[in-house]
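The values are calculated or read from the model by the stated rules, or taken from the named source; none is laboratory data. Just so it is clear, the structure is predicted and the values come from calculations on it, not from any experiment. Cβ sites come from the backbone with ideal geometry, for glycine too, and all protein chains shown count toward neighbours.
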Ligand SMILES: CC(C)(COP(=O)(O)OP(=O)(O)OC[C@H]1O[C@@H](n2cnc3c(N)ncnc32)[C@H](O)[C@@H]1OP(=O)(O)O)[C@@H](O)C(=O)NCCC(=O)NCCS
């Protein structure tokens, strides 16, 4: 079994993160400036998973709300296809949950597309449940928040309480 390391993102990882994200549809991708912001200002809640030879094969980008410090948010999570089903995303999310729990958070939120069956199965396996008080629309057998990101852009809002 190959060895992997989870590390906090370093500022100069941001271009490698951008390249990794391009290999991970249907996840949305960002402008490089957004990856740079996470690598520079949110690297205490954002991690990469690397192979022994230092290649980034997955990452998690997250932050703690400045308004409600008990709330943490996972913005992007991915593992490149050839490294999936090895428990790497689970390890990245566990690391994030440990970090934000230590920092006093009591909830973690994230959103995903209602047709992203793999992400939905993954997050449910990690104990996330659909949340949100807004208008719901059932898509693909799951409750999404209607027009969450604008007209027609429905999203599943997942939340996990932390102990
Ligand atoms: C979702 C994603 C991050 C999962 O990464 P991964 O490293 O393969 O996931 P893990 O190996 O840690 O899987 C943990 C659990 O999630 C579930 N899971 C993972 N992949 C799954 C799949 N293809 N189908 C069903 N369940 C799946 C399983 O319960 C799995 O546990 P098991 O292996 O004991 O059965 C990866 O598929 C990915 O990068 N997808 C594209 C990007 C994306 O959509 N990101 C999420 C939205 S931001």
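Condition (residue is modelled with pLDDT of 95 or more, over 21 Å from residue 21 (Cβ atoms) and in a loop (DSSP other than H, G, I, E, B)) applied to the stretch 106-116: is it met by at least one residue? Show your work before the answer.
So the first thing to find is which residues in the stretch 106-116 are modelled with pLDDT of 95 or more, and the list is 106-116.
Pick out the ones that are also over 21 Å from residue 21 (Cβ atoms) and you get 106-107.
Restricting the remaining residues to those that are in a loop (DSSP other than H, G, I, E, B) gives 106.
Looking through the stretch 106-116, at least one residue is modelled with pLDDT of 95 or more, over 21 Å from residue 21 (Cβ atoms) and in a loop (DSSP other than H, G, I, E, B).
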Please verify whether the stretch 3-12 includes one or more residues that are without any contact (Cβ under 8 Å) to a residue 60 or more places away in the chain, buried (at least 16 other Cβ atoms within 10 Å of the Cβ) and within 13 Å of the ligand (Cβ to nearest atom).
no
Taking residue 85, is it in a loop (DSSP other than H, G, I, E, B) and within 8 Å of the ligand (Cβ to nearest atom)?
yes
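Among the candidates 143, 98, 54, which residue alone is more than 8 Å from the ligand (Cβ to nearest atom), outside any loop (DSSP other than H, G, I, E, B) and either loosely packed, with under 14 Cβ neighbours inside 10 Å or within 17 Å of the chain's Cα centre (by Cα) (or both)?
Values: 143 fails: either loosely packed, with under 14 Cβ neighbours inside 10 Å or within 17 Å of the chain's Cα centre (by Cα) (or both); 54 fails: outside any loop (DSSP other than H, G, I, E, B).
It is 98.
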For the stretch 97-119, give me each residue that is in contact with a strand residue (DSSP E or B) (Cβ under 6 Å, 6 or more places away or on another chain) and closer than 22 Å to residue 25 by Cβ.
110, 111, 112, 114, 119
